[in-house]
Amino acid sequence: MNTISQCFESLRQNNQPALIPFLTAGDPDLELTAEALKVLDANADFIELGVPYSDPLADGPVIQAAATRALEKGVKLASVLEMAQSLTRSLRSPLILFTYYNPILNLGIETFMQQLVIAGIKGLVVPDLPIEEADELLKQADAVGIEVILLVTPTSSKERIEVIAMKSRGFIYLVSVTGVTGVRSQIQTQVKDVIADIRSVTDKPIGVGFGISTPEQARQVIDWGADGVIVGSAFVQRLAEGTPYNRLRSVRDFCSELKTAIS
């Protein structure tokens, strides 16, 4: 499987934006998460896999509730990586792990990175990692080929955007709202300006996430100049209700609609 950077380069050569669905691992259980990853793989370009965490500061009510349900079933980082390892060789889409910094520190950065490599994870998002504290994590991730994707927010200064763009690997993750994840009725037009600000300092790909929940919103951020869209809560919600068959069918159909909208 290629790196995230290589996959983005291939998409650019074909003039195609990236679709990046997000799932909370373990909700409703790890077995259905695994089946959903296989379903998403048909139309996704990358898949973001969230590790359940007790204090998910960046997540809104939908993902918080999913994480709580998964934690109540005993889902932990180790079991998420074990499930990922069983699938990564058969998936076309590289997996990006989304986790908070405390579990990484508890395990130890070097051990954590080794476990990502064993599991076949290609990218990492740590939303509560300050750029000022990122160097050690970046150093050890670079050493084993894990691409750490750093976040820009609508309130990031131009100077801060430049530093984040320089240090981020794979792509730049632009948070589209000044708040937590979750479905929004519309995307802030400020996102268009921030995309332009990022583009003025780097040619690395830009993925926009947080708040995107419809094919129309996904198309809009691509038209504003983004290279990819990350859609989380809308997928997590679809996987939370109904029979297993209906959940997977809903996730599959929604992923197909998003892909069609941005292609």
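The values are calculated or read from the model by the stated rules, or taken from the named source; none is laboratory data. Quantities reported herein were computed from a predicted structural model and do not represent experimental measurements. Because the Cβ atoms are built from the backbone with ideal geometry, glycine has one as well, and the counts that use them run over all protein chains shown. The protein model used for the area step is the full one, side chains on, heavy atoms only, and it has no ligands, DNA or RNA in it. Shrake-Rupley method; radii C 1.70, N 1.55, O 1.52, S 1.80 Å.
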FRET efficiency for Lys38 and Arg160, using Cβ-Cβ distance with R0 set to 35 Å, rounded to 0.05
0.35
Looking at the chain, what % of its DSSP beta bridges pair antiparallel, to the nearest 5?
0 percent
Quick query: amide H of Val231 versus all other amide H atoms, modeled in the peptide plane; which residues come in under 5 Å with a sequence gap of 5 or more or a different chain?
Ile20, Phe22
When semi-axes √(5λ) of the Cα gyration tensor in Å is calculated directly from the model, which label among [x] 24, 22, 18; [y] 52, 19, 17; [z] 28, 21, 20 fits?
[x]
For the range 211-224, 3J(HN,Hα) per residue [Karplus equation, 6.51 cos²θ - 1.76 cosθ + 1.60, θ = phi - 60°, Hz, x = Gly/Pro]:
x, 8, 9, 9, x, 5, 5, 4, 4, 4, 5, 5, 5, 7
Can you give the FRET efficiency for Glu82 and Arg199, using 1/(1 + (r/R0)^6), R0 = 41 Å, r = Cβ-Cβ distance, to the nearest 0.05?
0.55
Arg89 paired with Gln114, simple spin-label distance in nm, labels 7 Å along Cα-to-beta-carbon:
2.1 nm
Under 30 Å between C-alpha atoms is the cut-off here; go through the range 44-177 and count lysine pairs that meet it, provided they're at least eight residues apart or on different chains.
10
For Lys259, counting only lysines whose alpha-carbon sits under 21 Å away and dropping same-chain residues fewer than eight positions off, the answer is Lys38, Lys192
GNM result for the chain, Cα springs below 10 Å: residue of Ser90, Ser79, Ser233 fluctuating most strongly
Ser90
With a sphere of radius 9 Å drawn around the Cβ of Lys73, what net charge do the other residues whose Cβ falls strictly inside it have (Lys, Arg +1; Asp, Glu -1)?
-2
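Taking only protein heavy atoms into account and a 1.4 Å probe, give the accessible area per residue of the range 122-173 in Å².
Solvent-accessible surface per residue comes out at 42 Å².
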So, with points 7 Å from each Cα along the Cβ direction, the Gln13-Ser54 label distance in nm works out to 4.8 nm
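Figure the gain on full extension for Glu241 and Gln190 (residue separation times 0.36 nm, minus the Cα-Cα span) and round it to one decimal in nm.
15.0 nm
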